[in-house]
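Undergrad: I'd like to ask some things about the structure below.
The values are calculated or read from the model by the stated rules, or taken from the named source; none is laboratory data. These figures come from a predicted structure and were not determined experimentally. Every residue, glycine as well, gets a Cβ built from its backbone with ideal geometry; the counts of neighbours run over all protein chains shown. Note: areas computed on protein heavy atoms with side chains; ligands, DNA, RNA excluded. Shrake-Rupley method; radii C 1.70, N 1.55, O 1.52, S 1.80 Å.
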Amino acid sequence: MSAAVEHLDEKLQDSSELLEEIMPSAITLAMMLRQRTMAAWMRTEFDGYGDPAALPPYRRDVPGHIVARSPQYGWIPAPVDDQQKLDFGHRDMMEGIKSLEKTCLSCKKGTGHRIVFDKEEMATLQSQINLSAELAITISRDSYCKMLRVLRSALYLWCQELMETGIGGDHNSYSQDERKKVAHLDDPERFWRKALESNDDLPVPDVREAGFFERVFGRAG
């Protein structure tokens, strides 16, 4: 399986390529280069996080809007004050890349994804606002896109630095010298922090919006 840096770099800049499809190649490349920290981070991002304490900052406290289900009008803004918004109006995002990307694809621009509160948290908030209606939080599509863009940007920056060291071309393996030359790049935090700083300045696409038939029937192929 070829995991050339250039191929990976091209895919990361191609809006038709989903991260779900790109990341196995990125993980393979990291393993071939013996970059175990990078590979472990990518795998966790791909599969999802099991421990909230392990979440990186771009997945923590993602802001949303608290909504309540009305029998007459459907989901409407809940009557919460600023403190309640601060306490309850955010979510930690534990899901893997496939789930996050699927949410993005299924949402139209300007909309979001609704997550119902768990029973305990809902009961606490219901008692505070004196409301028995079901409560949820809506996370905007933009917030999902922003998370995925950080990850895509971090992988792009990693590829750029690998190429700058001269690691390129098709490889089935890398020599000890080649691996040693890029050993200092086995540092995911370095790349996602850089991605957070320069997110909007990189030639990395946002998650595209799925067409009608794609949303109804799923992704072709």
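Undergrad: For the chain, take the alpha-carbon Rg, divide it by the Kirkwood Rh, and send me Rg/Rh.
TA: Ratio of gyration radius to Kirkwood radius: 1.05.
Undergrad: Continuing with the same structure: Sorted by accessible area with a 1.4 angstrom probe, largest first, how do ARG193, ARG36, ARG60 fall?
TA: ARG36, ARG193, ARG60
Undergrad: Further question on the same structure: Work out which helices of the chain, taken as complete DSSP H runs, extend at least 30 Å along their axis over the Cα atoms and score a mean Kyte-Doolittle of -1.0 or more, then list them.
TA: 141-164
Undergrad: Let's see if you can work this out: charge +1 on each Lys and Arg Cβ, -1 on each Asp and Glu Cβ, no other charges. What is the dipole magnitude of the range 1-42 about its Cα centre, in debye to the nearest 20?
TA: Result for the range 1-42 is approximately 360 debye, rounded to the nearest 20.
Undergrad: Taking the Cα-to-Cβ direction at VAL116 and at GLU10 and moving 7 Å from each Cα, how far apart do the two end points lie in nm?
TA: Between VAL116 and GLU10, the label points sit 4.6 nm apart.
Undergrad: For the chain, modelled as a Gaussian network with Cα springs under 10 Å, which listed residue fluctuates most, GLY50, GLY74, GLY64?
TA: GLY74
Undergrad: Which of the aspartates and glutamates could a cross-linker span from LYS181 if the Cα-Cα distance has to be under 18 Å and same-chain partners fewer than 8 positions apart are dropped?
TA: Filter leaves GLU6, GLU161, GLU164, ASP170.
Undergrad: Work through the residues other than CYS159 whose Cβ is under 9 Å from its Cβ and net out their charges, Lys, Arg +1 and Asp, Glu -1.
TA: -3
Undergrad: Rounded to a whole number of µm²/s, how large is the Stokes-Einstein D of the range 55-144 at 37 °C and 0.692 mPa s, given Rh as the Kirkwood radius over C-alpha pairs?
TA: Reported coefficient: 238 µm²/s.
Undergrad: Mind telling me which of GLU197, GLU45, GLU17 comes out most flexible in a GNM of the chain, alpha-carbon contacts under 10 Å?
TA: GLU197
Undergrad: Still on this structure: Determine, at each q value in 0.12 (inverse angstroms), the log₁₀ of I(q)/I(0) that the Debye formula gives when each Cα of the range 20-93 is one equal point scatterer.
TA: Once normalised to I(0) and log-transformed, intensities are -0.55.
Undergrad: Continuing with this model, one more query. Which of the trypsin sites (Lys or Arg not before Pro) found in the range 100-146 are loop residues per DSSP with 13 or fewer other Cβ atoms within 10 Å of their Cβ?
TA: In loop regions of the range 100-146 (DSSP not H, G, I, E or B), the sparsely surrounded trypsin sites (Lys or Arg not before Pro) are LYS108, LYS109.
Undergrad: Taking R0 as 41 Å, what's the FRET efficiency between SER173 and ASN130 from their Cβ-Cβ distance, rounded to 0.05?
TA: E(calc), rounded to 0.05, equals 0.05.
Undergrad: Same structure again: In the structure shown, do any of LYS146/LYS194; LYS109/LYS194; LYS109/LYS146 have a Cα-Cα gap over 18 Å, and if so which?
TA: LYS109/LYS194
Undergrad: So what is the diffusion coefficient of the range 91-180 in µm² per second by Stokes-Einstein at 20 °C and 1.002 mPa s, using a Kirkwood Rh over Cα pairs?
TA: 127
Undergrad: When the C-alpha atoms of the range 1-46 are aligned to their principal axes, what extent does each axis show, in angstrom, from largest down?
TA: 28, 20, 15 Å, listed from the longest principal axis down.
Undergrad: Right, another one. Find the accessible area per residue for the chain; the probe is 1.4 Å, ligands and nucleic acids are left out, and the unit is Å².
TA: 54
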